[in-house]
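Below: the structure, in structure tokens.
The values are calculated or read from the model by the stated rules, or taken from the named source; none is laboratory data. Not measured: the values here are computed from a predicted model. Counting neighbours? That spans all protein chains shown, and the Cβs are built from the backbone with ideal geometry, glycine included. Side chains included, ligands, DNA and RNA excluded: accessible areas come from the protein's heavy atoms. Shrake-Rupley method; radii C 1.70, N 1.55, O 1.52, S 1.80 Å.
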Amino acid sequence: MSSNLDALYRRVIMDHYKKPRNRGVLEDGSHTINMNNPTCGDRIQLSLKVEDGIVVDAKQEGEGCSISMSSASMMTQAIKGKKVEDALVLSKVFSDMMQGKEIEEDLDLGDIEALQGVSKFPARIKCATLAWKAMEKGLKEEEQE
Amino acid sequence: MNIQDIRKQFPILDQEVNGRPLVYLDSSATSQKPLQVIEAIEKYYREINSNVHRGVHTLGTRATDAYEGAREKVRKFINAKSIQEVIFTRGTTTSLNTVAASYAAATVKEGDEIVITYMEHHSNIIPWQQVARKTGAQLKYIPLQADGTISLDDARATITANTKVVSVMQVSNVLGVINPVKEIAEIAHQNGAIMVVDAAQSAPHMKIDVQDLDCDFLAFSGHKMCGPTGIGVLYGKKQLLEKMEPIEFGGEMIDFVELYESTWKELPWKFEAGTPIIAGAIGLGAAIDFLNEIGLDNIAEHEHRLAAYALEKMAAVEGMTIYGPLDAAKRAGLVTFNLTDVHPHDVATVLDAEGIAVRAGHHCAQPLMRWLKASATARASFYLYNSEDDIDKLVEGLVKTKEYFSDVF
């Protein structure tokens, strides 16, 4: 199979897809965001618990393809323990990455970096950004409160 | 039918996608266009482009003749009694919305029923939801049997004396089943209801005779039957269309305009507001000529054979779930499926890397997806330019997809 595909379906993506982190619903969450991608049927429910400007917990649940589900798993992993503003910065970085823009080299993106290959598959970018859009929506609500 | 000769008439098919020869298996979404359709549209713009039914000048007459000539081709294609029963629209969705917003909104009252089925496309659900909401009518669904077909007993049990409108797709864009719309029309009429047929997936693939079906309205799109996008047809029985009010006003559809009152043109132009879709209609006319030259019966038989071949080959792939009846006799030329543990989007991406175009998603049929207990599915759909070879490549691609995903885990 093509090496392009290998750039999309990295092992770490498949790992998150098969063993999603932070799967479930927070009973004591402060924000619940439901989002779906109407063109393909992917959906996510994200629950966030924000205390004193910090995302202390995040859980996600939904259904969709390997890209959308692994992205949701990685996203919750990445924002847990982060300040709201830092999580939103990360979201911007992720959006830039999906548009194929250069990312600052010293940024440690961890597993998220594996999703870089998605930018070469325009039809799949929306899969990868679904969970991040949900997170942005929730944290922007938080900022406005 | 010589597939190699037919393929030569579709220039788009002769290309590589992602380094592989294109295998186009998404004709249920939109079909490709043969040269004679592309050339008819080009010829219109190069030689006779003019507004219709207006100018005294020569080009205006030529454009009008070509536009109205296309209407006559459509009339013959579906065996309507008169061209007054053939309205050009933007597509199936607009056609169905016109019936809902004009006929149904004026006829349906609180306590009445509108009957559709679980397998309908969103375009044959939401217009009726809107009518039900505005009028207080009840929207009812004919259930599906385990294999995805409709039984006439269920249709009889759902359609009652309170039913005013029954609207059913002739061929399902997901299950591939061919529905007994003629028999359902009979049940509708016995109960005093009108019958609407969504022919978006049937008109490209099988002979349609509106008089034989005895449907009251029938809707289809040009772009799924080798024609251009942006053109479709609403057939309606004359006595119904005559009673209906237009839903768009101005341009082509007017007769006399006074300061405070106006009158409409006669059928079919009453429903064609604005400058009509002239090039689209001419392109659709050329598509009908093309399909007639090959013969709808030959096309239907060819697709039937492909469906039977695909069902057999695909069912042999390990981990394959096929939706809809496995009996090819009950089907048109498409197969909707899922591979265990591989999401349909991922299937479609891997196949695309092999040059194979399939559809993945909910296919604009979310209620049906819930009935199937699938959030999404993949679909391969066939048309007159596909061959057994395309299906072999699809099956090979599916085996590779399975292997690829078991390797990366």
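How many residues does region B:19-52 hold that are more than 25 Å from B:D5 (Cα to Cα) and open to solvent by 70 Å² or more (accessible area, probe 1.4 Å)?
Number satisfying all stated conditions: 4.
A quick yes/no check of all residues on (1) open to solvent by 30 Å² or more (accessible area, probe 1.4 Å); (2) free of Cβ contacts under 8 Å to residues at least 40 places away in the same chain; (3) in contact with a helix residue (DSSP H, G or I) (Cβ under 8 Å, 6 or more places away or on another chain):
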position	(1), (2), (3)
B:S167	no, no, yes
B:L175	no, no, yes
B:I178	yes, no, yes
B:V181	no, yes, yes
B:A185	no, yes, yes
B:V197	no, yes, yes
B:D216	no, yes, yes
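For region B:303-322, does any single residue satisfy the condition of being in contact with a helix residue (DSSP H, G or I) (Cβ under 7 Å, 6 or more places away or on another chain) and of a type in the set (D, E)? Explain how you work it out, then say what you get.
Our first condition is that a residue be in contact with a helix residue (DSSP H, G or I) (Cβ under 7 Å, 6 or more places away or on another chain); within region B:303-322, this holds for B:304, B:306-311, B:313-314, B:317-320, B:322.
Remaining after also requiring of a type in the set (D, E): B:318.
Checked region B:303-322: at least one residue is in contact with a helix residue (DSSP H, G or I) (Cβ under 7 Å, 6 or more places away or on another chain) and of a type in the set (D, E).
For residues in region A:110-126 being within 16 Å of A:R21 (Cβ to Cβ) and crowded, with 17+ Cβ neighbours inside 10 Å, which is farthest from the other protein chains (Cβ to nearest Cβ)?
A:I112
With open to solvent by less than 10 Å² (accessible area, probe 1.4 Å) and either among the aromatic types (F, W, Y) or over 18 Å from the mean Cα position of the chain (by Cα) (or both) as the only criterion, which of B:A104, B:A137, B:A100 stands out? Break it down stepwise before answering.
On the way: B:A137 fails: open to solvent by less than 10 Å² (accessible area, probe 1.4 Å); B:A100 fails: either among the aromatic types (F, W, Y) or over 18 Å from the mean Cα position of the chain (by Cα) (or both).
The conditions single out B:A104.
Can you say whether B:T94 is crowded, with 17+ Cβ neighbours inside 10 Å, in the same structural domain as B:L139 (by TED's automatic domain parsing) and free of Cβ contacts under 8 Å to residues at least 40 places away in the same chain, as far as the supplied structure shows?
On the way: crowded, with 17+ Cβ neighbours inside 10 Å: yes; in the same structural domain as B:L139 (by TED's automatic domain parsing): yes; free of Cβ contacts under 8 Å to residues at least 40 places away in the same chain: no.
When the stated conditions are applied, B:T94 does not pass them.
Restricting attention to region A:97-109, which residues are over 17 Å from A:S68 (Cα atoms) and either in contact with an Asp or Glu (Cβ under 7 Å, 6 or more places away or on another chain) or surrounded by 10 or more Cβ atoms within 10 Å (Cβ to Cβ) (or both)?
Scanning region A:97-109 gives A:G100, A:K101, A:I103, A:L107, A:L109.
Test B:E272 against the stated conditions and say whether it is buried (at least 16 other Cβ atoms within 10 Å of the Cβ), acidic (D, E) and either more than 30 Å from B:H304 (Cβ to Cβ) or outside the structural domain of B:A161 (by TED's automatic domain parsing) (or both).
Spelling it out, B:E272 is indeed buried (at least 16 other Cβ atoms within 10 Å of the Cβ), acidic (D, E) and either more than 30 Å from B:H304 (Cβ to Cβ) or outside the structural domain of B:A161 (by TED's automatic domain parsing) (or both).
Within region A:127-144, can one find any residue that is open to solvent by 10 Å² or more (accessible area, probe 1.4 Å) and in a loop (DSSP other than H, G, I, E, B)?
First, pick out the residues of region A:127-144 that are open to solvent by 10 Å² or more (accessible area, probe 1.4 Å): A:129-130, A:133, A:136-137, A:140-144.
Those still in the list that are in a loop (DSSP other than H, G, I, E, B) too: none.
Scanning region A:127-144, I find no residue that is open to solvent by 10 Å² or more (accessible area, probe 1.4 Å) and in a loop (DSSP other than H, G, I, E, B), so the answer is no.
Kindly establish whether A:M69 is touching a residue at least 60 places away in the same chain (Cβ under 8 Å), part of a helix (DSSP H, G or I) and closer than 18 Å to A:H16 by Cβ.
no
What's the number of the condition B:E318 fails, among (1) open to solvent by 10 Å² or more (accessible area, probe 1.4 Å); (2) away from chain A (no Cβ under 12 Å); (3) part of a helix (DSSP H, G or I); (4) among the acidic types (D, E)?
(3)
Per-residue answers, yes or no, for (1) β-branched (V, I, T); (2) more than 14 Å from chain B (Cβ to nearest Cβ); (3) open to solvent by less than 20 Å² (accessible area, probe 1.4 Å):
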| residue | (1), (2), (3) |
| --- | --- |
| A:Q60 | no, yes, yes |
| A:S66 | no, no, yes |
| A:G81 | no, yes, no |
| A:V89 | yes, yes, no |
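For residues that are within 13 Å of another protein chain (Cβ to nearest Cβ) and either in a loop (DSSP other than H, G, I, E, B) or surrounded by fewer than 18 Cβ atoms within 10 Å (Cβ to Cβ) (or both), scanning just region A:21-50, find the one that is modelled with the highest pLDDT.
A:N36
Out of the residues in region B:275-300 meeting the condition of being in contact (Cβ under 8 Å) with a residue 12 or more places away in the chain and acidic (D, E), tell me which one is most open to solvent (accessible area, probe 1.4 Å).
By that ranking, first place goes to B:D297.
B:A376 - would you say it is in contact (Cβ under 8 Å) with a residue 24 or more places away in the chain, more than 21 Å from B:A316 (Cβ to Cβ), in contact with a helix residue (DSSP H, G or I) (Cβ under 8 Å, 6 or more places away or on another chain) and in the same structural domain as B:L351 (by TED's automatic domain parsing)?
So B:A376 passes the test.
Taking the conditions exactly as written (in contact (Cβ under 8 Å) with a residue 24 or more places away in the chain, closer than 19 Å to B:F10 by Cβ and touching a strand residue (DSSP E or B) at 6+ places or on another chain (Cβ under 7 Å)), does B:L311 satisfy them or not?
No: the conditions fail for B:L311.
Considering only residues that are open to solvent by 10 Å² or more (accessible area, probe 1.4 Å) and at pLDDT below 95, look in region B:330-341 and name the one that is nearest to the other protein chains (Cβ to nearest Cβ).
Here is the first cut: in region B:330-341, the residues open to solvent by 10 Å² or more (accessible area, probe 1.4 Å) are B:330, B:332, B:338, B:340-341.
Filter once more, keeping what is at pLDDT below 95: B:330, B:332, B:340-341.
Working: B:K330: 26, B:A332: 23, B:T340: 13, B:D341: 9 Å.
Per the criteria, the residue is B:D341.
With respect to the numbered conditions (1) more than 29 Å from B:G355 (Cα to Cα); (2) of a type outside the set (A, V, I, L, M, F, W, C); (3) surrounded by fewer than 17 Cβ atoms within 10 Å (Cβ to Cβ); (4) within 14 Å of chain B (Cβ to nearest Cβ), which one is the sole condition not fulfilled by A:G53?
(4)
Considering each residue of region B:354-409, count those that are under 27 Å from B:D5 (Cα atoms), open to solvent by less than 30 Å² (accessible area, probe 1.4 Å) and outside any loop (DSSP other than H, G, I, E, B), and give that number.
Of the residues in that region, 10 qualify.
Filter region B:343-353 down to residues that are open to solvent by less than 10 Å² (accessible area, probe 1.4 Å) and aliphatic (A, V, I, L, M) and give me whichever is nearest to the other protein chains (Cβ to nearest Cβ).
Per the stated criteria, the residue is B:V350.
Find the helices (runs of 4 or more DSSP H) located wholly in region B:1-82 whose residues include 1 or more that are touching a Gly at 6+ places or on another chain (Cβ under 8 Å) and on the phi < 0 side of the Ramachandran plot, and list them. First the steps, then the outcome.
On the way: elements: B:3-8, B:35-43, B:58-78.
Qualifying helices (runs of 4 or more DSSP H): B:35-43, B:58-78.
I'm told B:K164 meets every condition in (1) among the charged types (D, E, K, R); (2) under 24 Å from B:T98 (Cα atoms); (3) in a loop (DSSP other than H, G, I, E, B) except one. Can you identify the failing condition by its number?
Among (1) among the charged types (D, E, K, R); (2) under 24 Å from B:T98 (Cα atoms); (3) in a loop (DSSP other than H, G, I, E, B), B:K164 violates only (3).
If the Cβ limit is 6 Å and pairs must be 6+ apart or interchain, which residue in region B:357-369 that is within 11 Å of chain A (Cβ to nearest Cβ) pairs with which residue that is among the polar types (S, T, N, Q)?
Matching pairs, first to second residue: B:H363/B:N173.
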